[in-house]
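Some notes on the structure that comes next.
The values are calculated or read from the model by the stated rules, or taken from the named source; none is laboratory data. Bear in mind that the values here come from a model prediction, so they are computed numbers and not experimental data. Note: ideal-geometry Cβ built from the backbone for every residue, glycine included; neighbour counts use all protein chains shown.
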Amino acid sequence: MKLEPYWLDSAPRFDADTAGPLAGKVDVAIVGGGFTGLSAALALAKSGASVAVLEAGRVIGEASGRNGGHCNNGTAHDLGGLAASLGLERASALYRAFDAAVDQVEALVAEEAIDCDFRRTGKIKLAAKPAHFAKLEKSAELLQRTVEPDLVIVRPEETRSEIGSDGFHGGLVFPRGAHMHMGRFGAGLANAAARRGAGIFENALVTGLHRLNGNAHRVVTTRGEIEAGQVLLATGASRQGPFAWLRRRIVPVGSFIIATEPLSDNLATSIMPTRRTATTTKNIGNYFRLTHDNRLIFGGRARFALSSPKSDAKSGAILQARMLELFPQLAGTRIDYCWGGLVDMTSDRLPRAGERDGLFYALGYSGHGTQMSVHMGQIMARVMGGDAKANPLAGLDWPAVPGHFGPPWFLPFVGAYYRYQDWRQ
């Protein structure tokens, strides 16, 4: 079993890193070489701007290359709950931004000819308990009336047509959901940005930001210094660099994933006949999908801990046990990959993007980053070009997380709370 992401191990590595030290001036410096940063770099370079992407490690080496491979519409919230806090009009607009995000990914895949197995399979949200189905039915009424007219209700007795497991009790199918190979998409996105002239600097940890005038900054990295007319922070849950203001508002939460060996066609079909992406209704639930070569990618917040080789292995054992509980037909199936990563969670699980003290930012995707990171990279390129109204996240308040100044010491308590909620609901 390899303790590394399947997506990164099974994709060609981006190998067009800009040689030499950093020096000189650019129109835009982008801190972070994940999907947000690469998408923004592509859009800005296409508009004629000179761009430098500054990545502390390797391109898509963190959250963008360590997720579950889903590319789904819909927010992390029930629409009714979101409408109760923001109003139905704003909640619906945010929901449609996630729709536009999946469309954006699909468009970039086509425009840049990225071979990443992008497919519109739809997503199914599965009721983990019988009582959960009634809640799904209630939420479906509002969704179908407003933002999801093609939503399909799968009744408990119909569950086996979607999932080969007795562990679920109906669900909702969101037809616009998709999936893709994250490693191949990320490498393709980086190559597309480099072809347009963006400089991509790996192993360039940002250690200092010094404002010059307006939005201009001198950016200090481990590979030299550069002057930028604008700076976009696309750091996700990174705990490196001079970004204390952002870190007080982002909680890094570990999420863990395993990938099986390739399954036979018959076994794969018995598990997921529709090959959709799947999520469950528990707070500490699971998410899973099949790959193009019939591996089951099975993930979840198995432990409320940060990712490390030891932590990943412990979490992988928990995930394997849960996978076999749901799909006993996989007994004896080898686990080929096990990995973890950090989700950049905000307190309300909504992403944030905008400008503060001359620095632009887009992050806080809270587990729904594949599509929104790509979309917000494109959006922030427009915002930085003067189109402030393009930002669908503008105006969202973003207070600091109380008591959060460094490592998230409170994660075990959060985990205990959510386990209790899952037990009682």
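Computed values, structure above
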| item | result |
| --- | --- |
| Single condition ASP27 does not satisfy, out of (1) assigned to a helix (DSSP H, G or I); (2) out of contact with any Lys or Arg (no Cβ under 6 Å at 6 or more places or on another chain) | (1) |
| Residue match in segment 209-225 (condition: under 25 Å from GLY367 (Cα atoms) and of a type in the set (A, V, I, L, M)) | no |
| Subset of segment 172-191 that is touching a His at 6+ places or on another chain (Cβ under 9 Å) and under 30 Å from GLU137 (Cβ atoms) - its residue that is surrounded by the most Cβ atoms within 10 Å (Cβ to Cβ) | HIS179 |
| Within segment 289-307, tally of residues that are in a loop (DSSP other than H, G, I, E, B) and either modelled with pLDDT under 85 or within 9 Å of ILE257 (Cα to Cα) (or both) | 7 |
| Filter result (more than 16 Å from the chain's Cα centre (by Cα) and buried (at least 18 other Cβ atoms within 10 Å of the Cβ)) within segment 250-261 | ILE258, ALA259, THR260 |
| Matching residues in segment 349-398 - criterion: being among the small types (Gly, Ala, Ser) and either within 27 Å of THR280 (Cβ to Cβ) or surrounded by 21 or more Cβ atoms within 10 Å (Cβ to Cβ) (or both) | ALA353, ALA362, GLY364, SER366, GLY367, GLY369, SER373, GLY377, ALA381 |
| Positions within segment 199-234 being among the polar types (S, T, N, Q) and part of a strand (DSSP E or B), in sequence order | THR207, THR221, GLN230 |
| Top-ranked residue in segment 43-54 [being in contact with a strand residue (DSSP E or B) (Cβ under 9 Å, 6 or more places away or on another chain) and aliphatic (A, V, I, L, M); ranked as farthest from ASP27 (Cα to Cα)] | LEU54 |
| Residue selected from segment 75-94 under the condition in contact with a helix residue (DSSP H, G or I) (Cβ under 6 Å, 6 or more places away or on another chain) and not polar (S, T, N, Q), by the criterion modelled with the lowest pLDDT | ASP78 |
| Residue in segment 378-387 that is assigned to a loop (DSSP other than H, G, I, E, B), acidic (Asp, Glu) and modelled with pLDDT of 95 or more present | yes |
| Filtered residues of segment 382-401 (kept if closer than 16 Å to ALA43 by Cβ and among the basic types (Lys, Arg)) | ARG382 |
| Among residues of segment 207-236, those that are in contact with a Pro (Cβ under 7 Å, 6 or more places away or on another chain) and surrounded by 15 or more Cβ atoms within 10 Å (Cβ to Cβ), counted | 2 |
| Of all residues making up segment 121-154, the number that are surrounded by fewer than 13 Cβ atoms within 10 Å (Cβ to Cβ) and of a type in the set (Lys, Arg) | 2 |
| Cross-chain or 6+ apart pairs with Cβ under 8 Å, segment 96-124 first and within 26 Å of ASP293 (Cβ to Cβ), then of a type in the set (Phe, Trp, Tyr) and assigned to a helix (DSSP H, G or I) | VAL105/PHE185; VAL109/PHE185; ILE114/PHE185; CYS116/PHE185; PHE118/PHE185 |
| Residue within segment 176-198 that is touching a residue at least 60 places away in the same chain (Cβ under 8 Å) and part of a strand (DSSP E or B) present | yes |
| Pairs where the first residue, in segment 389-415, is modelled with pLDDT of 95 or more and the second is part of a helix (DSSP H, G or I) and of a type in the set (Gly, Ala, Ser), C-beta under 6 Å, 6+ apart | PRO392/ALA97 |
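Rundown of residues vs (1) surrounded by fewer than 22 Cβ atoms within 10 Å (Cβ to Cβ); (2) under 22 Å from the mean Cα position of the chain (by Cα); (3) under 21 Å from LEU136 (Cβ atoms), yes/no style:
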{"position": "MET272", "(1), (2), (3)": "no, no, yes"}
{"position": "LEU306", "(1), (2), (3)": "yes, yes, no"}
{"position": "LYS310", "(1), (2), (3)": "yes, no, no"}
{"position": "GLU325", "(1), (2), (3)": "yes, no, no"}
{"position": "PRO328", "(1), (2), (3)": "yes, no, no"}
